[in-house]
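Here the structure comes first, spelled out in structure tokens, and everything after it is commentary.
The values are calculated or read from the model by the stated rules, or taken from the named source; none is laboratory data. Not measured: the values here are computed from a predicted model. FYI the Cβ positions are ideal-geometry reconstructions off the backbone, even for glycines, and counts take in every protein chain you see. Accessible surface areas use protein heavy atoms only, side chains included; no ligands, DNA or RNA. Shrake-Rupley method; radii C 1.70, N 1.55, O 1.52, S 1.80 Å.
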Amino acid sequence: MASEASNGDNHVSSKPPPEPSPLRKAKFFQANMRILITGGAGFIGSHLVDRLMQNEKNEVIVVDNYFTGSKDNLRQWIGHPRFELIRHDVTEPLLIEVDQIYHLACPASPIFYKYNPVKTIKTNVIGTLNMLGLAKRVGARILLTSTSEVYGDPLMHPQDETYWGNVNPIGVRSCYDEGKRVAETLMFDYHRQHGIEIRIARIFNTYGPRMNIDDGRVVSNFIAQAIRDEPLTVQLPGTQTRSFCYVSDMVDGLIRLMEGDNTGPINLGNPGEFTMLELAENVKELINPEVEIVKVENTPDDPRQRKPDITKAKELLGWEPTIKLRDGLPLMEDDFRKRLGIPRK
Ligand SMILES: NC(=O)c1ccc[n+]([C@@H]2O[C@H](COP(=O)([O-])OP(=O)(O)OC[C@H]3O[C@@H](n4cnc5c(N)ncnc54)[C@H](O)[C@@H]3O)[C@@H](O)[C@H]2O)c1
Ligand SMILES: O=C(O)[C@H]1O[C@H](OP(=O)(O)OP(=O)(O)OC[C@H]2O[C@@H](n3ccc(=O)[nH]c3=O)[C@H](O)[C@@H]2O)[C@H](O)[C@@H](O)[C@@H]1O
């Protein structure tokens, strides 16, 4: 017989609830946290998978369309009972059950995000909307990997999270930086309107093993060039600055942010600031003292300076980077030499 309440609140079902699968009763499945990583076949994503898989209570699901990522980055986990890899484009809806979502899917190297700008903005806007819809349906906490590019060509230095940025809305980088700004807006609108638990990391340049060798980003370019005895291509004027964070530090910051109580946005990056000429000189000294440094044309809207203020990350997450650039570069060199098949002389 139907219950008296018209809205269904007092509805009493005569049927018992369905039995959960016997597998879910097994010790192995019971305590698990199911974690989705979009873009998990990419550079940062695959290191995040490695770290999360260390915890036996985590089940990790990666979705990726392999635009810039690769199954090779995840080969050690393929076939593992707590790991699943799904070929999927986040611009399409995804229906799965998870407890946490690390939303990284988006090409990060300027060469790749400018290659198909319409797709990049769709990934940032529709992709984030889809992942927020998923978070809302299943009640998951969601973390967005935003970027220091939301500060554009910053007029405040170093950049803290209160700065609203100096961004060209119609330039060739806008698909990425404006795309991430909209993604941040969507995160906060879902949080305010639907009570979704959100976390936003503003990541500053991150480097390390597994970056695509021909990725086009400056650290991977210089290391590959130095190993191949090719000139290091410093884009003009060469005095523009960046702050480089080693990937293991970044992964640590992302997990602390996800597990903590603060929505962010929180800057994650290494405050050590270098001009591109200084970076080239460091790579030359550490990897190949014979190599030449040449100046080449730059691309439009390249930010002139970038350095994170990480006070908030220190205070709220107890996080700060531990690996200096001069220690991180040789770790990346080992990986690049292996993949290029060029041993040290
Ligand atoms: N590495 C950095 O310096 C840096 C700095 C700031 C922000 N970020 C952000 O961190 C995240 C990861 O960056 P990364 O350096 O690992 O880049 P990456 O290009 O190596 O990884 C991105 C991954 O997303 C996947 N992807 C792209 N579009 C997709 C789509 N539509 N559907 C499903 N998968 C898709 C790619 O195939 C790739 O595996 C990105 O969101 C990027 O914007 C990175
Ligand atoms: O930190 C960030 O937020 C952003 O950092 C990078 O963006 P960008 O700093 O422009 O990355 P690179 O392509 O590595 O360029 C860094 C600097 O190196 C210079 N460069 C690049 C390549 C090269 O061969 N030589 C060279 O001098 C560029 O002109 C630029 O000034 C990432 O690729 C973005 O995804 C990320 O969001």
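Some values worked out for this structure:
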quantity	calculated
Flag if Ile198 is of a type in the set (A, V, I, L, M), open to solvent by 30 Å² or more (accessible area, probe 1.4 Å) and within 16 Å of His103 (Cα to Cα)	no
Condition broken by Asn124, with the remaining ones in (1) within 16 Å of ligand 2 (Cβ to nearest atom); (2) open to solvent by less than 50 Å² (accessible area, probe 1.4 Å); (3) not in a helix (DSSP H, G or I) satisfied	(3)
Subset of the range 136-153 [surrounded by fewer than 20 Cβ atoms within 10 Å (Cβ to Cβ) and touching a strand residue (DSSP E or B) at 6+ places or on another chain (Cβ under 7 Å)]	Arg141, Asp153
Breaking point among (1) closer than 25 Å to Thr147 by Cβ; (2) touching an Asp or Glu at 6+ places or on another chain (Cβ under 6 Å), for Glu92	(2)
Cross-chain or 6+ apart pairs with Cβ under 9 Å, the range 45-57 first and closer than 15 Å to Asp99 by Cβ, then assigned to a helix (DSSP H, G or I) and at pLDDT 95 or above	Leu52/Val251; Leu52/Ile255
Test: residue in the range 72-85 that is surrounded by 15 or more Cβ atoms within 10 Å (Cβ to Cβ), closer than 17 Å to Leu144 by Cβ and aliphatic (A, V, I, L, M)	no
Residue in the range 164-181 that is surrounded by the fewest Cβ atoms within 10 Å (Cβ to Cβ), counting only those that are in contact (Cβ under 8 Å) with a residue 60 or more places away in the chain and among the hydrophobic types (A, V, I, L, M, F, W, C)	Val172
For Thr185: the one exception among (1) open to solvent by 20 Å² or more (accessible area, probe 1.4 Å); (2) within 21 Å of Glu273 (Cβ to Cβ); (3) among the polar types (S, T, N, Q); (4) assigned to a helix (DSSP H, G or I)	(2)
Lone unmet requirement of (1) out of contact with any helix residue (DSSP H, G or I) (no Cβ under 7 Å at 6 or more places or on another chain); (2) surrounded by fewer than 20 Cβ atoms within 10 Å (Cβ to Cβ); (3) of a type in the set (Asp, Glu) for Glu161	(1)
Failed criterion for Ile142 (all others in (1) part of a strand (DSSP E or B); (2) within 11 Å of ligand 1 (Cβ to nearest atom) hold)	(2)
